[in-house]
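The values are calculated or read from the model by the stated rules, or taken from the named source; none is laboratory data. Please read these numbers as outputs of a predicted model, since none were measured by experiment. Reconstructed Cβ throughout: ideal geometry from the backbone, glycine too, with neighbour counts over all protein chains shown.
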Amino acid sequence: MSNFTNDLAAVAKLKEQHGENWGAISADSAARMRAQNRFQTGIDIAKYTASIMREDMAAYDADSSQYTQSLGCWHGFIGQQKLIAIKKHFGTTKRKYLYLSGWMVAALRSEFGPLPDQSMHEKTSVASLIAELYTFLRQADARELGGLFRELDAAQGDAKQAIQDKIDNHETHVVPIVADIDAGFGNAEATYLMAKQMIEAGACCIQIENQVSDEKQCGHQDGKVTVPHEDFLAKINAVRYAFLELGVDDGVIVARTDSLGAGLTKQIAVTREPGDLGDQYNSFLDVEEITPAEMKNGDVVLNRDGKLVRPKRLPSNLYQFKAGTGEARCILDSITSLQNGADMIWIETEKPHVGQIGAMMDEIRKVVPNAKLVYNNSPSFNWTLNFRQQIFDSLSESGADVSAYDRADLMNVSYDDTDLAALADDKIRTFQADSAREAGIFHHLITLPTYHTAALSTDNLAKEYFGDQGMLGYVAGVQRKEIRQGIACVKHQNMAGSDMGDDHKEYFAGDAALKASGKDNTMNQF
């Protein structure tokens with residue numbers, strides 16, 4: 001029997017036990033409300049979505065075409081609309097997630113106003129957004145099921161059973177959220193406390209990066225400073241303990257390395273013997289060999305193979321890594337994290353290049369054969385320019401004539417209709433499938449898409465509405481498109497819960513209910 005059928009029987013039994021005192025209560029209505037509120041707590045959501053993510057990870061290990069995707073969201077409504085659109089266009093939410101970006105929390109959700117991605121926003125705002133996203137996704141379930149229940153009441157004969165089947169087999173809008181905890185917002189204890197709050201809000205997957213918490217920078221900006229591996233592993237342990245304490249035994253941890261673009265460290269790692277993890281970390285430091293006589297006041301020196309070496313220390317008191325060591329450090333970071341508690345890795349790169357990513361993953365998979373990557377298909381990349389340059393270089397290497405193109409100016413609109421541009425666009429189109437197959441990428445996400453779509457659509461509306469088009473700028477550019485494309489939000493009262501409220505009023509007050517959905521409701525025009 002379906003959950004709805006079970007709930008109907010259970011509430012009917014309760015009603016019978018309470019006799020006339022519950023005479024006004026409809027078992028059918030109560031069962032409907034239970035069906036529309038499948039998840040009672042954030043922990044329920046975290047357990048459910050963690051199991052989905054684990055199943056998807058296993059499916060990817062068996063078949064790399066089964067990769068997953070997500071889009072970053074900065075408001076519950078945005079996340080809700082993504083999932084409604086996914087169900088509308090694809091009929092299922094399978095392998096489709098949401099991403100919670102620390103960048104967007106900082107830029108759009110802080111009480112300080114817009115902030116850079118430097119962990120300056122309030123810690124609690126991350127968990128608050130997770131809870132908000134799931135509130136809106138649960139409301140999407142309730143709204144969709146409410147519509148099906150109304151169809152059920154109006155249906156006759158075989159049609160009634162078909163609708164009942166849709167109710168019994170309803171697929172929830174609740175999906176995994178990959179949630180950004182930045183560098184942990186402090187020490188390992190602070191990381192643990194924040195992770196707990198995020199899990200309690202519903203997070204099944206937490207992504208943490210190996211930067212210094214109080215020096216944190218956006219992964220696509222300069223000035224990034226990493227921590228020794230032991231410090232980072234302590235924070236991975238803190239997140240795992242948070243999952244275990246709350247009973248989310250299969251919670252997912254994504255360890256992100258920013259080492260490719262990070263040329264600095266704040267600490268010299270503790271090392272106990274040559275070749276240990278601390279020694280490997282320190283081996284990447286930019287040093288100069290000195291004699292005792294050359295030591296200056298306040299110098300920090302290391303014993304390396306019986307020789308004194310002085311790490312290059314900047315006026316900021318940070319130490320510099322040797323140039324060209326980023327990929328090797330990323331590989332070491334990734335292997336170390338996967339061998340010590342992380343489930344997946346995230347390598348922040350400076351460009352979207354399958355060859356570069358794949359080369360690093362090949363090295364990682366020599367040690368951890370089932371290593372899986374979460375990859376940021378970042379709006380910080382100029383995708384058009386990057387891929388046109390990649391195609392230009394490929395054609396040039398093959399001996400093709402590329403004299404008609406200026407490599408430095410390939411973003412120019414004059415190239416948009418060229419063969420080179422078409423080849424580049426095709427590579428962009430297949431990038432996710434190609435890199436899932438060739439570079440071990442299990443999950444593709446775009447961190448900030450809705451930040452950019454909101455800006456673009458607002459610019460278009462402002463240009464038309466405040467210009468010559470006036471009200472037609474809104475009607476033709478927004479509302480008419482909503483109607484033609486079947487966008488549910490055109491009935492914004494329904495989306496906000498008005499019809500569900502009417503259902504509840506009828507449950508609570510029967511014929512005395514004052515409902516909003518009568519003949520004078522202008523939503524009937526749609």
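What to note about this one:
- The one condition from (1) modelled with pLDDT under 85; (2) under 24 Å from S29 (Cα atoms) that Y507 does not meet is (1).
- Among the residues making up the range 17-67, those that are among the small types (G, A, S) and surrounded by 13 or more Cβ atoms within 10 Å (Cβ to Cβ) are S26, A27, S29, A30, A31, A35, G42, A46, A50, S51, A59, S64.
- Qualifying residue in the range 352-360 (condition: surrounded by 15 or more Cβ atoms within 10 Å (Cβ to Cβ), in contact (Cβ under 8 Å) with a residue 40 or more places away in the chain, under 20 Å from the mean Cα position of the chain (by Cα) and part of a loop (DSSP other than H, G, I, E, B)): yes
- Yes/no for Y405 being touching a residue at least 24 places away in the same chain (Cβ under 8 Å) and surrounded by 19 or more Cβ atoms within 10 Å (Cβ to Cβ): no
- Scoring G326 on the criteria (1) at pLDDT below 90; (2) of a type in the set (G, A, S); (3) surrounded by 15 or more Cβ atoms within 10 Å (Cβ to Cβ) leaves a single failure, condition (1).
- One residue alone among A62, A58, A107, A140 is at pLDDT below 95, over 15 Å from the mean Cα position of the chain (by Cα) and either closer than 30 Å to A436 by Cβ or not assigned by TED's automatic domain parsing to the domain that holds A488 (or both), and that residue is A107.
- If only residues of the range 472-497 that are among the small types (G, A, S) and touching a Lys or Arg at 6+ places or on another chain (Cβ under 9 Å) are counted, the one that is surrounded by the fewest Cβ atoms within 10 Å (Cβ to Cβ) is G486.
- Any strands (runs of 3 or more DSSP E) falling wholly within the range 248-343 and containing at least 2 residues that are outside the structural domain of C205 (by TED's automatic domain parsing) and acidic (D, E): 287-289
- Residues of the range 437-452 classified as in a loop (DSSP other than H, G, I, E, B) and within 28 Å of N370 (Cα to Cα), total: 3
- Residue check for D343: surrounded by 20 or more Cβ atoms within 10 Å (Cβ to Cβ) and within 34 Å of the chain's Cα centre (by Cα): yes
- Condition check for A12: among the hydrophobic types (A, V, I, L, M, F, W, C), assigned to a helix (DSSP H, G or I) and not assigned by TED's automatic domain parsing to the domain that holds A195: yes
- When the criteria are applied in full, D222 fails the requirement of being under 20 Å from A106 (Cβ atoms), at pLDDT below 95, more than 19 Å from the chain's Cα centre (by Cα) and in a helix (DSSP H, G or I).
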